[in-house]
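This report concerns only the one structure given below.
The values are calculated or read from the model by the stated rules, or taken from the named source; none is laboratory data. Since the model is a prediction, treat every value here as computed from it, not as a measurement. When we count neighbours, we look across all protein chains shown, and the Cβ atoms used for this are built from the backbone with ideal geometry, even at glycine.
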Amino acid sequence: MPSAPAAFAGRIGETYADSVQAFPAPVQAPVGAPNVFLILTDDVGFGAASTFGGPIPTPNLDRLAARGLLYNRFHTTAMCSPTRAALLTGRNHHAVGNGIVANLSTGFPGYTNIMPKSAATLAAVLRRNGYSTAMFGKHHNAPEADVSPAGPFDLWPTGLGFEHFFGFMAAETNQFTPALYRGTSPQPTLSGEVLDHALADEAIHWIHGQKAAAPDKPFFAYYATGSAHAPLQAPAEWIARFRGHFDRGWDTIRAETFARQLRARIIPAGTVNTPRPDGIKAWTDLSPEERRINVRMMEVFAGMLAYQDDQIGRVLAELERIGEADRTLVMFIEGDNGASAEAGPNGSTNPMAGFANGMSETTETLLADLDRLGGPDTAPNVGFGWAWATNAPFRHFKQYASHLGGTRNGLVVSWPERIKTRGLRSQFTHVIDIMPTVLEAAGIATPDVVDGVPQQRVDGVSFAYSFTAPRAPERHETQYFEMLGNRAIYHRGWMASTTPVNLPWRRGTAGTLPTDYKWELYDLRSDFSQSHDLAEREPAKLAELKALFAKEAARNQVFPLDDRLNLARFAAAAQGHAAARDKYTYWGPVSIPASSAAPLLGRAFRITAEIELPEAASGAVVALGSQFGGWSFYFDDGRPVALMVASQLPGDQSRVVANRRLTAGAVVLEFDFRYDGGVNGGGEMTILADGAEIGRGRIARAISKLPELTDTLDVGFDADTPVTLNYPAGGKFSGKVSKVEIAVGKSDEAGRAR
């Protein structure tokens, strides 16, 4: 692609009178090619949605399954960016540089998070073959440094074959104040609605326009919600629907899910409900207070997932109303990995602040926030007990590619023109199989060359054969898995898996390398839930599969294995993509994604702002982050203020206020932070006006990471989720910012930026 232009088919004479015009024929999709509506949700375990036996009602997914196919052996990569890269390209995630999430890149071929031009996406192939293409929602497949006004934009959706994009560019965003883009342009934050509703509105609007302009042209719409990834947030009335639904606790809820799965034959008879891990307490062993907290966390998760299903249902209903449902191939993947166990035993109101910024939550602080959970004032996630429950019947979670709890997700396929009856399909399938399946359904060959670049092999195998053949032998016979050192190999019904060393409730011993991990062995032909380890009984089979893993790993750029998930790796990834600078200059109001902006975290800095003040100035001169973690340098009734927010919890804020108001006129305002050093160290803040000190005070502690991963550094306002409510929404500075210069010191070193 693209095809060579056809020769001119008309005739050229001396004038129009003896000439015959002939326009080039437009590219058209093959006759009968369906619309494609590809849906991917986020951090939803196999046993969460009612469609797969779970406790959370998903009636729209149920209806889709009732007229289509339910796949109970569909697999992802165990983490976000890798699954999405594999989905879009049909290639194994390491083979396209996405062996890890885009925040933890390393400088090795399988881990750069730079998808190569030799792996054209499904969107690019469909667009060049006569499809309209659009993406809505989460795109976490561009290096952090690329998410900036300067680009480059070739790894943004519009650079990967999507003609239209509306969504966000990170692992997660706030449902109430999301950081959104249309194409590559930042958009104003939402007002009075949540993100899932806005995505449905945008998709419906785009489909209306596409069908109005070209009713016979098929579309490819990729709809990737940010839910139910943290922060767990949803309309209050949807959360309220689940009051009391989870009081029975995770042991009972998981057992009930397992029983429904058996009754509905979602899982085969004889499947074992794998036991609760030792690191998770029995529900009966929790205190009454811990139960209250965990129940509320799960009510919020359920409200978010149910609301997501409702909004996707609006799009599906509109396809029916306009007569496009029958000719639309819908592929609904419920979760890009298993359920998330990243928020501790009781959940958290701000997991990143707990991980990186020294936030300490107690039973008392969690109880105090119960009524705010799910709203705009918290950024919560459930604890690992509920992650275990919603992964029924499997073991382990998101991040654990070694076990099915990390990689087994539900898939529903509907295409009424071709799939006439409901059915269960149990052939082994994987996210890399989506692209070849869609291309076969559309009658489009996989290209050998795209834009002059020879294409690397497509690793996926089409499962279109299974649409009409429920018992056909599976064609995807071998598949490796690897994430953060946890790895496995599937081959013809057998699976060898490493035993995780780093668990949500226990980090591995220092010095343990992935090569030291023990291996397990399972016969999935008779052991659906990976419950009986046969490693000791079948050493020859285990050795065969370990050798096969090594072979697959070598040809897919899996090495070197790296199981680090710590602040040092986050910092190394950021340094790998960003040029080191000690001075940043901003010429007026601007918003820059934090990964490309002046780094104010864990270091000394000096902000120098040339501004013009009105009387009683207000609003933000510079703001970085949000109320869940960040800095704001603003005016309050004419007084400059430096505010450090370590978390949203009371007492986790440090404020230094100038000792006098500044009068109207031009002023050079400085905020000089001398850092104590170390991780989350404090320091001394000095405020100066035209070189004269007007304020000095202590900042109790600084932070290492911004909790909202779409956070920005803003000059002249405070975009998206504000750092403080001490100024009106948007935090617009009431004066004029001419120039801001920020000098920064080295990370974690004590001292003063010069």
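Results, tabulated for the structure shown:
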item	result
Filter result for the condition that a residue is more than 29 Å from residue 627 (Cα to Cα) and among the acidic types (Asp, Glu), over 216, 201	216
Hey, residue 547 crowded, with 19+ Cβ neighbours inside 10 Å, on the phi < 0 side of the Ramachandran plot and not in a loop (DSSP other than H, G, I, E, B) or not	no
Spans of strands (runs of 3 or more DSSP E) in the range 595-677 with at least 1 residues β-branched (Val, Ile, Thr) and modelled with pLDDT of 95 or more	605-613, 619-626, 639-645, 653-657, 665-675
Test: residue in the range 85-93 that is over 27 Å from residue 207 (Cα atoms), buried (at least 24 other Cβ atoms within 10 Å of the Cβ) and out of contact with any helix residue (DSSP H, G or I) (no Cβ under 7 Å at 6 or more places or on another chain)	no
Selected residue (criterion: nearest to residue 211 (Cα to Cα)) from residues of the range 112-148 that are among the β-branched types (Val, Ile, Thr) and in contact (Cβ under 8 Å) with a residue 40 or more places away in the chain	133
Flag if residue 657 is under 24 Å from residue 171 (Cβ atoms), touching a residue at least 12 places away in the same chain (Cβ under 8 Å) and surrounded by fewer than 21 Cβ atoms within 10 Å (Cβ to Cβ)	no
Residue 493 within 16 Å of residue 407 (Cα to Cα) and surrounded by fewer than 15 Cβ atoms within 10 Å (Cβ to Cβ)	yes
Residue match in the range 320-341 (condition: touching an Asp or Glu at 6+ places or on another chain (Cβ under 7 Å) and of a type in the set (Lys, Arg))	yes
Hits in the range 698-754 - residues which are crowded, with 24+ Cβ neighbours inside 10 Å and closer than 20 Å to residue 682 by Cβ	702, 703, 706, 707, 723, 742
Residue check, residue 484 buried (at least 20 other Cβ atoms within 10 Å of the Cβ), out of contact with any helix residue (DSSP H, G or I) (no Cβ under 6 Å at 6 or more places or on another chain), modelled with pLDDT of 95 or more and not polar (S, T, N, Q)	yes
Selected residue [surrounded by fewer than 22 Cβ atoms within 10 Å (Cβ to Cβ) and more than 29 Å from residue 340 (Cβ to Cβ)] from 524, 534	534
Top-ranked residue in the range 420-450 [being surrounded by fewer than 13 Cβ atoms within 10 Å (Cβ to Cβ) and modelled with pLDDT of 95 or more; ranked as farthest from residue 96 (Cα to Cα)]	445
Residue selected from the range 106-145 under the condition modelled with pLDDT under 95 and more than 17 Å from residue 83 (Cα to Cα), by the criterion surrounded by the fewest Cβ atoms within 10 Å (Cβ to Cβ)	107
Check on residue 354, under 21 Å from the mean Cα position of the chain (by Cα) and surrounded by fewer than 23 Cβ atoms within 10 Å (Cβ to Cβ)	yes
Any hit, the range 690-709, residues being touching a strand residue (DSSP E or B) at 6+ places or on another chain (Cβ under 8 Å), under 21 Å from residue 732 (Cβ atoms), assigned by TED's automatic domain parsing to the domain that holds residue 607 and without any contact (Cβ under 8 Å) to a residue 60 or more places away in the chain	no
Options 181, 223: the member that is assigned by TED's automatic domain parsing to the domain that holds residue 124, farther than 24 Å from residue 390 by Cβ and either in a strand (DSSP E or B) or basic (Lys, Arg) (or both)	181
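Listed here are the residues, each with its yes/no results for (1) surrounded by fewer than 23 Cβ atoms within 10 Å (Cβ to Cβ); (2) modelled with pLDDT under 95.
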residue	(1), (2)
6	yes, yes
17	yes, no
24	yes, yes
32	yes, no
54	no, no
78	no, no
